[in-house]
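Taken together, the values in this text are just the output of simple stated rules run on the coordinates, not laboratory data. All values reported here derive from a predicted model rather than from experimental measurement. We place every Cβ from the backbone using ideal geometry, glycine too, and count neighbours over all the protein chains shown.
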Amino acid sequence: MQSQSSSSVLEWFGAPAYGLAFFLVLTPLISIGANNWPVNLSSVRWRYDFETSLSAFVVAIAMGFLVASVVAVGMEHRLMLRLLAVLNILVGIAYVLTCADYMLDGLQLRFNVDHDRLNAFELTVMRGMIIFVLGAVLAAWFGIASYRAAKRIEALRPRDTGAHPLVAI
């Protein structure tokens, strides 16, 4: 259970911290969307540029999920923890799929890269793939931790047995 002082801090800063978490997740997505507009999924070059941009923001997105998770645990928001668990698992799956697509797009574009830039191109693809794999592992870890925290909070809450104490007059 929370102490009185930690409860007060969470009451004051819980909503702004959720706002910060939302900001940390949404801002990179807006930036990536603005830099890669209009959408052209059929273009290998567009997908490569989009995924390269996304790889630069994986850490910021993870920080947003971390802030939201810490606040949800502190405020004992079981529903938010369950939502974060599902979102993190979905993000992890998306990162794995993105990593596979990024590798394939890199292989296709490799033949269009000048020989003197080939090493830098290959390092960029490798870096992006490593980031997506680590991001997927981290997202899955956050998802599992959020689910377990929600279960733990539920187990620690006192249950209403329906029996009311008898008061004798």
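Structure notes:
- Segment Leu104-Val70, extension gain: residue separation times 0.36 nm, minus the distance between their alpha carbons: 8.6 nm
- Listed residues Val44, Ala120, Gly19: farthest to the positive end of the dipole of the stretch 1-159 (Cβ charges): Gly19
- Residue separation of Leu29 and Leu83 scaled by 0.36 nm, minus their Cα-Cα distance, works out to 17.5 nm of gained length.
- Each Lys or Arg adds one and each Asp or Glu takes one away; over the other residues whose Cβ falls under 13 Å from the Cβ of Ser55, this sums to -2.
- Per residue, the convex hull spanned by the alpha carbons of the chain comes to 147 Å³.
- Using the alpha-carbon positions of the stretch 27-105, Rg (one decimal) and Dmax (whole number) come out as 14.9, 45 Å.
- Cβ-Cβ FRET estimate between Glu11 and Asp114, R0 fixed at 45 Å, reported to 0.05: 0.15
- The gain in end-to-end length when the Arg152 to Ala94 segment is fully stretched comes to 18.1 nm, 0.36 nm per residue minus the alpha carbon separation.
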